[in-house]
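For reference, the structure discussed in these notes is given below.
What follows is calculated from the coordinates using simple rules that are stated; it is not laboratory data. Just so you know, these numbers come straight off a predicted model, no measurement behind them. Cβ coordinates were reconstructed from backbone atoms using ideal geometry, including for glycine residues, and neighbour counts include every protein chain displayed.
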Amino acid sequence: MCLMFAAGIGNVAAQTSASDPLLYQELSQLKLPLLVINTVDGEEPTCDAAEPPEGAWGHSITNATKVPASMQIILKGDTLYDSGSYVKKESGLTIKIRGNNSGRNPKKPYKLKLQKKEDLLFRGDKKYKDKDWVLLRNSSLVSSIGFWASELIGQDWTPSHQIVNVWINGRYRGVYILCEQVTMNPNSRIDVDENEGYVIENDPYWWNEDIYFPSSITVPEMKITYKYPDPEDMTEERHEEIKADVYANESKILDGTFDEVYDCESFAKWLIGSNIIGNKDGAGGNMYMVKKDASSKVGMGPLWDFDVALCVGDEWIEVHRYNLFYFKELIDSSNDSFRNALRNVWEEKGQYVADNIIQRINFFACSQEAADYQKSRDYQEQCGIAPDSSHPYVGDLKYMTQYAIDFLTHRAEWMGSHLHEICGVEEVSKDNLSDSTMKTYDVFGRQVSPETPGIQIRNGKKFFVTK
C-alpha cells in the first residue's frame, strides 16, 4: 500500500481566506477538477429548514431557490468545460441547495441543472450527456467506497462520480463529489419506458414531497415517493396505476409468491452491497425501486447515501431487523427464493466486492489525485470551512484509508461466517457431519472437499460448515 502525501499546503500554507487569489491559482493547477460557478448578480442559493409533521421522521429543507449561473471546469490550468452565460434552454445552468438533513449544514450540497446537456465527467461518448448533476458535500473516501460497492456488486446502473474542488462567486467552498443524479436516461442512466416504467423510492422524507402514498408493508413513517415520472409531470391516472401496481406486488410478498414480480437477485445485490459497506442509515438510505416496463420485474436501483457507511459493527444493517422496507418479510418468507439469492450473491460477489474496493483504495492512495485531494482538504480546513462529516473515518487520507481497509476486511469475514443466520441453513462443524464419505458440492454444483468451510450441499440438503 502506498501512502505518500505532500507535506504542507503549497504557496498558501498560512492562508485562511477562502477568496484569496493565490488559493484560486493553486486549486486551478491541481489534478482535481475545479468547478468555478458564478451566479447572476452574485446571488447565493438559499433554503429554509423544514420540520416533520407529528409521526414522521427526519429534518429537511424547503423553499430552495433556483439561481441562474455560469460554470467552468478547470484541470491543471486547462478549461475543460465552459457553460457560457445563463440563457434559458440554451446555455449556463441553475444551481440550488439539495438534500434533506445535509441541506441544513453550513457546507451545502447542490443540484446543478444544465441548460444544454453535457458529460461533466468527460468520458468521450455523447451518450453520457445529461442536464442533471449533483454536488455531494461528503467528500470523505466513503462516498467513493459506496459507489464502488454498488458498481462491483452488479447493480444495473451506478452513478459515476469525481472528487472536485468547488469555487462559487469568488470563494472556495471546499471538496465535493460531482456525480450523476439518479434520473431516467435510457442512454446512460436508469432506462425505463416513458409510459409504462417507473422509479420510486421508499422514503422517510415523503412529508416534504407533493405526491406520495403509503406502503402496505413498511412502517407508517416510510412512504413511497417518485423519481420518475417527475411529480411535476404526474397525472392522477398514472399515479393511481403505479400505486395499484405497487400494492399488487406487495401482496405477493405477503402470500409468498414475490419472486413472480420482484427481481430477487437485484434486491439481494442491494442488500449484500449495503451490508458490505456497513451502512448504518436504516431508513434514509435512498431505497430506489425500478420497473422498466409493464412486463418487467421490479428491481433495486443503485446504492446511494453513504453519510453513515462504514459504521455498522458485528450485526446486520437495520433493514434486516425492522419493517423499514421489504427485506425482513422476504427473509422470513416460506418462499426461499430471496434467501437463495442472498446466498448466491454472497458466494459469487461478496468477497470479490470487498477485495476490489480495497484494491481501488490502495490504487487511489498512490495517485497524484490522492495527494491533491489531501492538499485540498487541508485548504478546506485552513479556510475554516465546516467539516462535511463527523464519522470515525474523517481525518487525513492516510487515516481514512487504513480505517476503511480494516473495516472492509473485518466486515467481509464477519458476513461470511454469519450469512447462514439469514439463509435458513443448518450450521454444523466439519467434524459433526454424519457421513464424511458422501459427495459434497458448493452452491454452484462444484464438488468440494467435505472439510471445505461455507455452504455445502449433501444429498440435497444444505449445511453451513464452520471452520
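Can you work out D for segment 88-177 in µm² s⁻¹ from Stokes-Einstein, where Rh is the Kirkwood radius over C-alpha pairs, the temperature is 20 °C and the viscosity is 1.002 mPa s? All intermediate terms of the calculation are to be shown ahead of the outcome.
Values: Rh = 14.5 Å.
Approximately 148 µm²/s, per Stokes-Einstein.
Label-point separation (nm) for R446 and N187, each offset 7 Å from Cα along Cα-to-Cβ?
If labels sit at R446 and N187, their model points lie 4.1 nm apart.
Could you sort out which of K31/K269; K227/K297; K297/K328; K269/K291; K129/K227 sit more than 26 Å apart by Cα distance in this structure?
Working: K31/K269 34 Å; K227/K297 18 Å; K297/K328 19 Å; K269/K291 16 Å; K129/K227 19 Å.
Too far apart for the 26 Å limit: K31/K269.
List, in order, the whole-Hz ³J(HN,Hα) value for each residue of segment 362-369 obtained from phi through the Karplus relation with A = 6.51, B = -1.76, C = 1.60 and θ = phi - 60°; use x for Gly and Pro.
So the J values, rounded to whole Hz, are 5, 4, 4, 4, 8, 8, 5, 4.
Just to confirm a number: summing +1 for Lys and Arg and -1 for Asp and Glu over residues other than S143 whose beta-carbon lies under 11 angstrom from that of S143, what do you get? Show your work: numbers first, answer last.
On the way: positive: R137; negative: D305, D307, D388.
That sum, taken over residues with Cβ under 11 Å, equals -2.
Restricting the count to DSSP beta bridges whose residues both fall in the chain, what percent are antiparallel, rounded to a multiple of 5? Numbers along the way, then the final one.
Values: 61 of 71 bridges.
In the chain, DSSP labels about 85 percent of beta bridges as antiparallel.
Treating the chain as a set of equal point scatterers at the Cα positions, no solvent, please give the Debye-formula log₁₀ I(q)/I(0) at q = 0.07, 0.11, 0.12 Å⁻¹.
-0.40, -0.95, -1.11
Would you kindly compute the Cα radius of gyration of segment 241-329 and its largest Cα-Cα separation (Dmax), both in Å?
Rg and Dmax of segment 241-329, Cα atoms, are 13.6, 42 Å.
Compute the FRET efficiency between F122 and K89 as 1/(1 + (r/R0)^6), taking r as their Cβ-Cβ distance and R0 = 22 Å, and round to the nearest 0.05.
Working: r = 23 Å, r/R0 = 1.06.
With a Förster radius of 22 Å, E is 0.40.
Any aspartates and glutamates with Cα under 12 Å of the K349 Cα? List them, leaving off those in the same chain fewer than 8 positions away.
Within the straight-line cut-off, K349 pairs with E151, E265.
So how do M234, M287 line up by other beta-carbon neighbours within 10 Å, fewest first?
Listed from fewest to most nearby Cβ atoms, that is M234, M287.
Can you tell me which aspartates and glutamates have their Cα less than 19 Å from the Cα of K280? Leave out same-chain residues fewer than eight positions away.
E201, D203, E221, D305, D307, D314, E315, E318, D388, D406, E413
Please arrange C366, C383, C179 by counting, for each residue, the other beta carbons lying within 10 Å of its beta carbon, fewest first.
Values: C366 13, C383 19, C179 22.
Fewest-to-most ranking of C366, C383, C179: C366, C383, C179.
Can you list the GluC sites (Glu not before Pro) in segment 13-83 that are in a DSSP coil and have 10 or fewer other beta carbons within 10 angstrom? Show your work: numbers first, answer last.
Values: sites: E26, E43, E54; in loops: E43, E54.
For GluC sites (Glu not before Pro) across segment 13-83 that sit outside H, G, I, E and B with at most 10 neighbouring Cβ atoms in 10 Å, the list reads E54.
Remind me, what semi-axes does segment 50-93 give for its equivalent ellipsoid, largest first in whole Å, using sqrt of 5 times each Cα gyration tensor eigenvalue?
37, 15, 6
Translational diffusion coefficient of segment 14-113 at 10 °C, 1.306 mPa s, Stokes-Einstein with Kirkwood Rh over Cα pairs, in µm²/s as a whole number.
Working: Rh = 15.5 Å.
The estimated diffusion coefficient comes to 102 µm²/s.
Evaluate E = 1/(1 + (r/R0)^6) for W57 and A248, where r is the Cβ-Cβ distance and R0 equals 30 Å; express this FRET efficiency to the nearest 0.05.
Working: r = 27 Å, r/R0 = 0.90.
Rounded to the nearest 0.05, the efficiency is 0.65.
Can you spot the lysines whose alpha carbon is less than 18 Å from K127's alpha carbon? Ignore those fewer than 8 places along the same chain.
The qualifying lysines are K113, K116, K117.
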